[in-house]
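Notes to accompany the following structure.
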Amino acid sequence: MKTKRYDTFIIGHISIDENIYQGEVIKEIGGAVVHSSCTSYAIGHKTGILTKLSFQDKDCLEAFTIPKEDIFALSSKNTTSIRNIYYSADKERRTCIALSIADPFTIDDIPNNIDSQIYHFAGLISGEFDNEMIKFLHHKGKVALDVQGFLRTVGENKEMIFRDWEKKKEYFPFIDYLKTDAAEAEIMTGTKDRKKAAKMLFSWGAREVMITYNKEVLIYDGEKYYTCPLKPRNLTGRTGRGDTCFSAYITERLNKDIEGALLFASALVSLKMERPGPFKGTRDEVEDYINKYY
């Protein structure tokens, strides 16, 4: 079997999203794996994905922009589906309800013929991954992990709540790039201070920590804090902000320093936030945006 080589290989459930704002219901195909893969592919990185869904929903795979031969889709009893009820125009406040959840991923699901520089855990709900996949993939390439897929838990009435990841200190040493937002960082560390939180997350073993916030993105590598502002002119494409930013950052880190990758990712996600749906722009558009607004 011929080896398939990737810059980034993204693992996560695709989701049939039902987004509700001011009484309007919009159905979209979402999920971190969609936003992340569209982003890395748009800016020229060789991208593969592994997802699970009920094959009666296989039309959902058309949401991916990467070539079909780079999509590894496995059959699941259900497809993940999430209802997002937004309460404010900036979409910062929302209630998320799990309507259905796809089967979890295991080490055996990872294709044998894959060789990737980065393995990106792009999860939606706690329990989506067998934790041992982190250690397994750490020996194959760099591990990038968004903690949403380990903190967001289905509670009573199927409403999703955030709970700390009890085994975080066991797995952080196997993570090269850790992504969290400000609220998730507070749950894990107990502090609202993003710099203090980043330092704690680093001290537990993660090599580079990204904390996203609605105004800026922060990176900490154990030696220095790097920040870059977000400068969107509107927020119509707010959904998928964190996934887009993280995917752009980790893939740009393959050939840029932290500062360069952070600037590019911040500009790209600012541009993405102005348009609904996953990022489908170009490198040139991002460079233009940097020249104009940064």
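The values are calculated or read from the model by the stated rules, or taken from the named source; none is laboratory data. Nothing here was measured: the structure is a model prediction, and the numbers come from that model. Neighbour counts are summed over all protein chains in view; Cβ atoms, including those assigned to glycine, are modelled from backbone coordinates with ideal geometry.
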- [ ] Mind telling me which of the residues Gly222, Gly155, Gly149, Gly190 ends up being under 23 Å from Ala248 (Cβ atoms) and surrounded by fewer than 16 Cβ atoms within 10 Å (Cβ to Cβ)?
- [x] Gly222
Task: the stretch 25-40 residues that are assigned to a loop (DSSP other than H, G, I, E, B), paired with ones that are of a type in the set (Val, Ile, Thr) (beta carbon under 6 Å, 6 or more apart) - done: Gly31/Ile14
Open item on the list: I need the full set of residues from the stretch 134-177 which are over 28 Å from Ser116 (Cβ atoms), touching a Ser or Thr at 6+ places or on another chain (Cβ under 8 Å) and not β-branched (Val, Ile, Thr), in order please.
Closed with: Glu159, Met160, Phe162, Arg163
Open item on the list: Exactly one of these conditions fails for Tyr213: (1) in contact with a Lys or Arg (Cβ under 8 Å, 6 or more places away or on another chain); (2) within 24 Å of Thr95 (Cα to Cα); (3) of a type outside the set (Lys, Arg); (4) modelled with pLDDT of 95 or more. Give me its number.
Closed with: (4)
Task: Candidate set: the stretch 6-65, residues that are over 18 Å from the mean Cα position of the chain (by Cα) and of a type in the set (D, E, K, R); chosen: the one farthest from Ile101 (Cα to Cα) - done: Glu24
- [ ] Keeping to the stretch 158-169, report how many residues are surrounded by 14 or more Cβ atoms within 10 Å (Cβ to Cβ) and over 18 Å from Glu128 (Cα atoms).
- [x] 0
Open item on the list: Being in contact with a His (Cβ under 7 Å, 6 or more places away or on another chain) and small (Gly, Ala, Ser) is true for just one of Ala102, Ala98. Which residue is that?
Closed with: Ala102
Open item on the list: Looking at (1) within 30 Å of Glu274 (Cα to Cα); (2) touching a Gly at 6+ places or on another chain (Cβ under 8 Å); (3) β-branched (Val, Ile, Thr), which one does Ile175 not meet, given that it meets all the others?
Closed with: (1)
Task: Among residues of the stretch 56-91, those that are of a type outside the set (Phe, Trp, Tyr) and not in a helix (DSSP H, G or I), counted - done: 21
Task: Single condition Asn234 does not satisfy, out of (1) at pLDDT 95 or above; (2) surrounded by fewer than 17 Cβ atoms within 10 Å (Cβ to Cβ); (3) out of contact with any helix residue (DSSP H, G or I) (no Cβ under 8 Å at 6 or more places or on another chain) - done: (1)
TODO: May I ask you to list pairs of residues, at least six apart or on different chains, whose Cβ atoms are under 7 Å apart, with the first in the stretch 148-173 being in a loop (DSSP other than H, G, I, E, B) and aromatic (Phe, Trp, Tyr) and the second being surrounded by 13 or more Cβ atoms within 10 Å (Cβ to Cβ) and at pLDDT 95 or above?
DONE: Trp165/Val147; Trp165/Phe150; Trp165/Leu151; Trp165/Met188
Task: Residue satisfying condition, being more than 18 Å from the chain's Cα centre (by Cα) and either at pLDDT below 95 or on the phi < 0 side of the Ramachandran plot (or both), within set Phe202, Phe150, Phe129 - done: Phe202
